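Presented below is the structure to which this report refers.
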Amino acid sequence: MTQQTAEVVGQRLHPLTPFVKGWGYFVVAAVALVNNEGLRQNLTFAGIGLAAVLVGGIALGALSWWFTKWQLTGDAVRVDSGFLFRRTRIIRFDRIQAIDVAQPFVARLFGMAELRMDVAGGGKSDGRLSYFRYDEAQELRTTLLVRAKGQQAAEQQESEQQAEAPPLLTVPTTRLLGATLLSSTVVGSAGALIWLIVATMVLNFHIGLFAGLPLLLGVVQPIWKQVVGNHGFTLSDTSHGLRTKRGLFDVQRQTIPPGRVQGLLITEPVIWRLIGWARVELDIAGVAGQKDDGDNDHEGAQLLPVGERTEVAYVLSRVLPGFDLAGIQMHVAPERAKWLRPIGWRYLTYGVDDQVMVTTRGWVSRRTSIVLHHKTQSVRMEQGPLQRRLGLANVHVDTPLGPTDAIALHRDQVEAAALVQAQADRAREARRTVSAPFAVQTQPNPPRPDGSSSSAASPAEDSSDR
């Protein structure tokens, strides 16, 4: 169907879309039937049950596909779906920040792809449209880029996609695997699983190995998500911002538009700190912190899944030119905070400079939150009953939902009140004086971690978007 027809009459997705989306449910049903002892003894009944699941899944998928239509209007993409409860999504062109063509593993086998649009104010699933033939997805992406960014910007993005720039840095798969195996979740789950096996088989405790399934998932799931999901992670520079690429089976690309970074979070689990590793995540205006099926509620965009200290400093300088985390003077919480945090009170710090406010907390997993002054939405002070007895208070610096959670914990209440007023003044002054995006490169790009130079970034977009 031509583009002109699609603008008048809704168009359906690829006929194999139900299978590509729902094949996993059939596999789960097959595994459940095979593992059921009663059904294994009655293969005829098991076969009938499996066939019923397959037929029912195909029928439901076909109904969902039949009632799902998309069309281009003058200023938006309209998607109608649902056969019991109708749902209409309107994706306005002026809210589209980036568009990528993704090919999950099963879709790739059939030459299919989906469009993934970063939509300001929308969740991850709100900007997905799947599935198309791969060439159709590419054509639709070009059309949407022209509508959203203009012909010149669309041509520029197309040329950048066809000839990807050399990566600024690459995360080795061996480091991903090592970091995952040394994470607190995997170490704790693996230790508990080993104890359960020993207790069941050696000490003759009748706990049952079935109790180890959640622990086994605690080992397998992080490895799959981090190693397979972040396989081949690269960070590149484009005229539209930094661009990440990752994934073994489901190759994902994401553009980080300059000027839309709300905050950053650096996470350092205790074992990682001994090695000198850290993870860096971003809050991006309109797209970070949105909830998606199977994801964490406030998971942000990954800027670096695991990196050495020099790499962390490098990516921070790429997002916030001139920023030096080590140069910020950090203020430790008063000693009486140890009554509330006996061990971790020494790690409760905050610091400010003319661009950002930084807070740290946690000794098992240290979290360093970085909030841009002109992205601060509100500042508030909270004080619990025990804190009142000790003369302490918490200062919260609120930003849009995302991984960044800037809280100056257990400060002296007089200091906390002064910090609230000072941060509010800094945020007000920053919003008044910022006339150019924060992420504009006003100086030569910092050298890469390996010592080589990198190309200059282009001017950023308007940073007033939220």
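Karplus-derived 3J(HN,Hα) values for the stretch 129-138, using 6.51 cos²θ - 1.76 cosθ + 1.60 with θ = phi - 60°, are 9, 8, 10, 10, 5, 4, 5, 5, 4, 5 Hz; glycine and proline are entered as x.
Once you have a ≥ b ≥ c as the square roots of the Cα gyration tensor eigenvalues for the stretch 309-358, tell me rounded if a/c is under 1.5, and otherwise prolate or oblate according to whether a/b is larger than b/c. Present the calculation step by step, with values, prior to reporting the outcome.
Values: a/c = 4.06, a/b = 2.26, b/c = 1.80.
Prolate shape, in that a/c is at least 1.5 and a/b is the bigger ratio.
Each label point was placed 7 Å from the Cα along the Cα-to-Cβ direction; for Trp339 and Thr173 their separation is 5.5 nm. Classify the stretch 329-397 from the C-alpha gyration tensor, please: rounded if a/c falls under 1.5, else prolate or oblate depending on whether a/b exceeds b/c. It is oblate, given that a/c is not under 1.5 and a/b is not larger than b/c.
Computed 3J(HN,Hα) for the stretch 248-254, one whole-Hz value per residue from the Karplus formula 6.51 cos²θ - 1.76 cosθ + 1.60 where θ = phi - 60°, is 8, 8, 9, 6, 10, 10, 9, glycine and proline marked x.
Please give me the summed charge of the neighbours of Gln254: other residues whose Cβ is under 10 Å from its Cβ, Lys and Arg +1, Asp and Glu -1. Mind showing how you got there, number by number?
Values: positive: Arg116, Arg243, Lys245, Arg246, Arg253; negative: Asp100, Asp118.
Residues near Gln254 contribute +3 overall.
Which entries of Lys21/Lys225; Lys21/Lys149; Lys225/Lys375; Lys69/Lys225 have Cα-Cα distances beyond 25 Å here?
Details: Lys21/Lys225 19 Å; Lys21/Lys149 30 Å; Lys225/Lys375 31 Å; Lys69/Lys225 32 Å.
From Lys21/Lys225; Lys21/Lys149; Lys225/Lys375; Lys69/Lys225, over 25 Å: Lys21/Lys149; Lys225/Lys375; Lys69/Lys225.
The simple spin-label model puts a point 7 Å past each Cα toward its Cβ; for Arg432 and Phe83 those points are separated by 6.0 nm.
Computing Rg and the Kirkwood Rh from the Cα coordinates of the stretch 257-433 gives a ratio, Rg/Rh, of 0.96.
Any read-out appearing in this document is the output of simple, stated calculations on the displayed coordinates, not a laboratory observation. For clarity, every value in this text was computed on a predicted model and none was experimentally measured. Positions of Cβ are generated from backbone atoms using ideal geometry, with glycine treated the same way; all protein chains shown enter the neighbour counts.
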